Amino acid sequence: TVLVVDFGAQYAQLIARRVREARVYSEIVPSTMPVAEMLAKGPKAVILSGGPSSVYEPGAPTLDAALFEAGVPVFGMCYGFQLMATALGGTVDNTGSREYGRTGLSVSKPGSTLFEGTPAEQSVWMSHGDACSAAPEGFTVTASTDVVPVAAFENDEKRLYGVQYHPEVLHTTHGQQILEHFLYRGAGLAPTWTTTSVVDEQVALIRAQVGSSRAICGLSGGVDSAVAAALVQKAIGSQLTCVYVDHGLMRKGETEQVEKDFVAATGVQLKVVDASERFLAALAGVSDPEQKRKIIGREFIRVFEQAQAEIVAEAPNDHPVEFLVQGTLYPDVVESGGGTGTANIKSHHNVGGLPEDLEFQLVEPLRKLFKDEVRMVGQELGLPEEIVQRQPFPGPGLGIRIVGEVTRDRLDLLREADAIAREELTAAGLDREIWQCPVVLLADVRSVGVQGDGRTYGHPIVLRPVSSEDAMTADWSRLPYDTLARISTRITNEVKDVNRVTLDITSKPPGTIEWE
Ligand code: XMP
């Protein structure tokens with residue numbers, strides 16, 4: 001294991017992902033963890049992340065210098081680099097000159113462990129106020145910028161390395177190469193971590209955990225619950241039953257995809273509950289987004305509990321149903337362990353995300369994985385491409401994509417518009433490029449149009465294509481005009497009561513991805 005010490009902001013997760021992309025297993029630990037505890041985990045290497053603070057700020061996170069004496073290879077990045085410099089007797093000045101964004105880096109030691117085989121001038125991503133002016137004793141300065149005399153250093157004998165910039169971001173052109181140099185050359189690790197090893201390990205763990213008991217899993221049609229279910233199915237077969245609650249807020253073809261493709265690929269026992277009447281009745285007259293989300297979450301739990309009771313009643317003499325499978329991912333685990341009180345922007349409801357008072361023990365086979373790794377595991381398990389490469393879709397479904405009251409007619413209309421947009425984006429080969437493209441119906445807005453020979457008074461549809469790495473931030477996707485034109489023409493021609501298609505060109509922040 002490589003430990004990534006988290007000094008705040010969102011860098012640590014990205015670093016951990018990049019380490020795994022280099023096929024070395026990594027885990028994130030908070031900077032408040034005592035060094036002895038970190039070492040007790042037996043790490044093969046430690047990476048110190050960047051963070052928002054200055055090493056001179058009162059209350060800024062610190063690190064016990066004992067880490068550098070433990071004989072474990074360490075790589076400090078940005079804030080981690082400055083901590084390393086100060087802890088080992090180098091000089092970090094509060095220069096007042098800040099460096100943000102893309103910067104030119106001049107490599108002075110091209111044959112060094114980190115920089116070997118990379119160009120003498122390279123583009124790196126900086127974000128810092130303080131700058132290192134003198135490396136600690138025993139260290140070689142390997143690169144600099146116009147502003148920072150010591151932008152990278154290394155002590156090969158002690159296997160300690162550092163760079164002032166962010167190798168983990170894509171704007172740093174040779175970032176991944178430098179990280180790999182640290183892992184393979186500096187720390188002597190081999191790229192052996194693969195999804196096959198994950199599947200084998202998880203199957204054994206699930207068998208040991210569940211024993212002869214039974215488990216249930218809520219399927220949402222999304223990637224995470226599908227892969228979690230497939231993994232558990234592989235481990236315990238018919239001891240697992242999946243429950244798919246059709247709340248009537250799904251997109252076109254979604255329920256069928258779960259019923260046919262997923263079952264065909266996994267052979268799982270599936271219980272489909274058609275609860276659309278119930279959800280629509282509960283949502284009648286409600287326009288407030290938060291209220292919609294709460295209602296959908298509440299109804300979902302009720303329907304799920306009922307399904308669970310039925311499963312027990314159908315085979316009362318079988319082993320008890322003690323386990324609940326959840327598709328929890330690593331970012332959720334890291335974020336909930338972080339304990340930072342972030343503002344509640346929206347109450348996210350995860351279909352499958354059930355309250356703990358359901359009195360189940362949880363089986364969470366994906367809790368160490370990032371989304372792209374979950375996709376690879378899904379592929380490994382033979383799930384169809386349409387499920388594995390599926391773009392994110394919110395648990396409350398189309399219910400939060402109708403601005404205004406949710407009714408059956410409006411859902412039907414939005415489903416048609418959404419299906420057209422998805423079809424055209426797929427036909428244009430853009431599925432991988434965009435993160436997701438919510439299609440939103442402004443049900444409470446009307447606009448005048450002219451269709452055929454007459455005046456119409458219909459509703460606008462909003463296209464919200466975004467690109468993102470993790471949905472925390474997003475930018476609007478610059479889709480080709482031709483594709484947008486085709487979507488617009490088809491939607492206005494084929495979907496009754498829609499006479500206008502608009503494009504949302506807001507990034508996140510300030511806008512969120514979904515409209516509600
Ligand atoms: P926002 O709108 O907050 O969305 O920028 C970020 C990502 O989360 C998805 N999303 C949800 N997913 N339950 C979910 O499972 C929810 O309640 C929910 N709300 C938003 C959204 O589609 C985007 O990918």
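A few comments on the model shown:
- Relative contact order [Cα under 8 Å, 6+ residues apart], the chain, whole percent: 10
- Since only Gly449, Pro460, Asn493 are under comparison, the one whose Cα sits farthest along the positive direction of the charge dipole of segment 401-503, derived from C-beta charges on Lys, Arg, Asp and Glu, is Gly449.
- Anisotropy class assigned to segment 205-388 is rounded, per the alpha carbon gyration tensor with a/c under the 1.5 cut-off.
- Helix-only [θ]222 nm of the chain, DSSP H runs n ≥ 4, -39500 (n - 2.57) each, per residue, nearest 500: -9500 deg cm²/dmol
- Along segment 420-436 the Karplus relation, 6.51 cos²θ - 1.76 cosθ + 1.60 evaluated at θ = phi - 60°, assigns HN-Hα couplings of 5, 4, 5, 4, 5, 5, 5, 4, 7, x, 9, 4, 7, 6, 9, 6, 6 Hz to successive residues, with x for each Gly and Pro.
- A DSSP coil position with no more than 14 other Cβ atoms inside 10 Å describes the following GluC sites (Glu not before Pro) in segment 132-180: Glu137, Glu157.
- Dipole magnitude of segment 380-510, debye to nearest 20 (Cβ charges: Lys/Arg +1, Asp/Glu -1, about Cα centre): 460
- Linear extension gain, Val203 paired with Asp475, 0.36 nm per residue minus alpha-carbon span: 94.1 nm
- Applying a DSSP loop filter and a limit of 13 other Cβ atoms within 10 Å to the GluC sites (Glu not before Pro) in segment 395-453 leaves Glu433.
- A simple rule links phi to the HN-Hα coupling: the Karplus curve 6.51 cos²θ - 1.76 cosθ + 1.60 with θ = phi - 60°, which for segment 160-167 gives 10, 9, x, 9, 6, 9, 10, x Hz, with x for Gly and Pro.
- Taking Cα atoms only, the orientation of helix 289-314 departs from the longest principal axis of the chain by about 80 degrees.
- Asp93 versus Ala313: modelled label distance in nm, points set 7 Å from Cα along the beta carbon direction: 7.8
- Counting Lys and Arg as +1 and Asp and Glu as -1 over every other residue whose Cβ lies under 15 Å from the Cβ of Pro30, the net charge comes to -4.
- Among Ser276, Phe153, Gln326 - extreme Cα towards positive end, dipole of the chain, charges at beta-carbon: Ser276
- Charges were assigned to the Cβ only: +1 to each Lys and Arg, -1 to each Asp and Glu. The resulting dipole of the chain about its Cα centre is roughly 520 debye.
- Proximal charge balance of Leu39 [Cβ under 11 Å; K/R count +1, D/E count -1]: -2
- Taking θ as phi - 60° and the Karplus parameters 6.51, -1.76 and 1.60, the scalar couplings of segment 179-190 work out to 4, 5, 4, 4, 5, 7, 8, x, 9, x, 8, 10 Hz in sequence order, x denoting glycine and proline.
- Normalised contact order of segment 396-516, rounded percent, pairs of Cα under 8 Å and 6 or more residues apart: 29
- Residue among Gly382, Gln436, Phe370 farthest towards the positive dipole end of segment 357-475, charges placed on Cβ: Gln436
- Entries in Lys260/Lys368; Lys109/Lys158; Lys260/Lys294; Lys41/Lys368; Lys294/Lys496 that, when Cα-Cα distance is taken, lie over 20 Å: Lys260/Lys368; Lys260/Lys294; Lys294/Lys496
- Among the trypsin sites (Lys or Arg not before Pro) found in segment 375-454, those both in a DSSP coil and sparsely packed, with 13 or fewer other Cβ atoms within 10 Å of their Cβ, are Arg432.
- Each Lys and Arg contributes +1 and each Asp and Glu -1, all at the Cβ; summed about the Cα centre of segment 205-388, the dipole is approximately 200 debye.
- Net charge of neighbours whose Cβ lies under 14 Å from the Cβ of Asp482, counting Lys and Arg as +1 and Asp and Glu as -1: +2
- In plain terms, the C-alpha convex hull of segment 436-516 casts an average shadow of 5.7 nm² when viewed from every direction.
- Amide H contacts of Val243: Cys217, Gly218, Leu219, Lys271, each under 5 Å away and 5 or more positions distant or on a separate chain (H built 1.01 Å from N in the peptide plane; Pro and chain starts excluded).
We did not get these values from a lab; they are worked out from the coordinates using the rules stated. Computed from a predicted model, the values in this text were never measured in an experiment. Please note: Cβ atoms are built from the backbone with ideal geometry, for glycine as well, and neighbour counts cover all protein chains shown.
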